[in-house]
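*Asks:* Below is the structure I would like to discuss, written out as structure tokens.
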Amino acid sequence: MRKINKIIIHCSATKPTQDIGAAEIDMWHKKQGWDEIGYHFVIRRNGETEKGRDIEIAGAHCKGQNKNSIGICLAGGIDENGRAENNFTDKQFQSLRNLAAKLKKEYPNATLHGHNEFANKACPCFDVREFFKGMV
Ligand SMILES: [Zn+2]
């Protein structure tokens with residue numbers, strides 16, 4: 001089994017009106033020349049959780065951290081002008097809580113992080129530490 005010590009949260013940097021999921025991201029990442037979608041999970045605007053890359057295969061979502069992490073992407077994160085914005089739905093946040101709890105059971109040593117802890121980026125456009133207070 002792959003050793004997992006981090007769960008890293010991302011956003012798709014799409015507008016709230018864009019109802020995208022794992023299939024669209026898979027297409028975008030393939031266009032960039034990757035094998036397949038770089039994230040292991042995608043949470044759609046309606047809160048539905050979709051599977052991306054197999055969890056046993058290292059992702060392509062966070063430079064320097066892919067080997068031992070799981071990548072989760074929430075659809076959204078920018079406003080109509082393309083600026084970073086915390087615009088995720090309650091259903092998305094609820095699904096993120098559920099998914100994180102499930103993964104923490106499977107990988108008790110894994111800690112929860114935002115992409116912005118490892119890169120000079122706004123991603124995922126909300127404070128992951130604050131969100132998971134008591135759980136990280
Ligand atoms: Zn990211």
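*Asks:* Filter segment 1-17 down to the residues that are in contact with a Ser or Thr (Cβ under 8 Å, 6 or more places away or on another chain), within 16 Å of the ligand (Cβ to nearest atom) and not basic (Lys, Arg) and list them by number.
*Replies:* Result: Ile7, Ile8.
*Asks:* State which residue is surrounded by the fewest Cβ atoms within 10 Å (Cβ to Cβ) when the search covers only segment 2-33 and only residues that are touching a residue at least 12 places away in the same chain (Cβ under 8 Å) and touching an Asp or Glu at 6+ places or on another chain (Cβ under 7 Å).
*Replies:* Checking each candidate, the answer is Arg2.
*Asks:* What are the pairs, 6+ residues apart or on separate chains, where a residue within segment 47-63 that is in a loop (DSSP other than H, G, I, E, B) has its Cβ under 6 Å from a residue that is at pLDDT below 95?
*Replies:* The qualifying pairs are Glu56/Arg2; Ala60/Trp34.
*Asks:* In contact (Cβ under 8 Å) with a residue 60 or more places away in the chain and more than 16 Å from Arg2 (Cα to Cα), is that true of Glu36?
*Replies:* no
*Asks:* Is it true that some residue in segment 68-82 is closer than 18 Å to Ser12 by Cβ, surrounded by fewer than 18 Cβ atoms within 10 Å (Cβ to Cβ) and touching an Asp or Glu at 6+ places or on another chain (Cβ under 9 Å)?
*Replies:* The answer is yes, given that some residue of segment 68-82 is closer than 18 Å to Ser12 by Cβ, surrounded by fewer than 18 Cβ atoms within 10 Å (Cβ to Cβ) and touching an Asp or Glu at 6+ places or on another chain (Cβ under 9 Å).
*Asks:* Collect the residues in segment 27-46 that are within 16 Å of the ligand (Cβ to nearest atom) and not in a loop (DSSP other than H, G, I, E, B), keeping them in residue-number order.
*Replies:* Result: Trp28, His29, Phe41, Val42, Ile43.
*Asks:* Within segment 106-127, is there a residue that is surrounded by fewer than 13 Cβ atoms within 10 Å (Cβ to Cβ), within 15 Å of the ligand (Cβ to nearest atom) and either among the basic types (Lys, Arg) or not in a helix (DSSP H, G or I) (or both)?
*Replies:* yes
*Asks:* Quick check, is Lys91 under 11 Å from Ile7 (Cβ atoms), open to solvent by 100 Å² or more (accessible area, probe 1.4 Å) and assigned to a helix (DSSP H, G or I)?
*Replies:* So Lys91 does not fit the description; no.
The values are calculated or read from the model by the stated rules, or taken from the named source; none is laboratory data. The model shown is predicted, which means the values in this text are computed figures rather than measured ones. Glycine gets a Cβ as well: all are built from the backbone with ideal geometry, and neighbour counts include every protein chain shown. Accessible surface areas use protein heavy atoms only, side chains included; no ligands, DNA or RNA. Shrake-Rupley method; radii C 1.70, N 1.55, O 1.52, S 1.80 Å.
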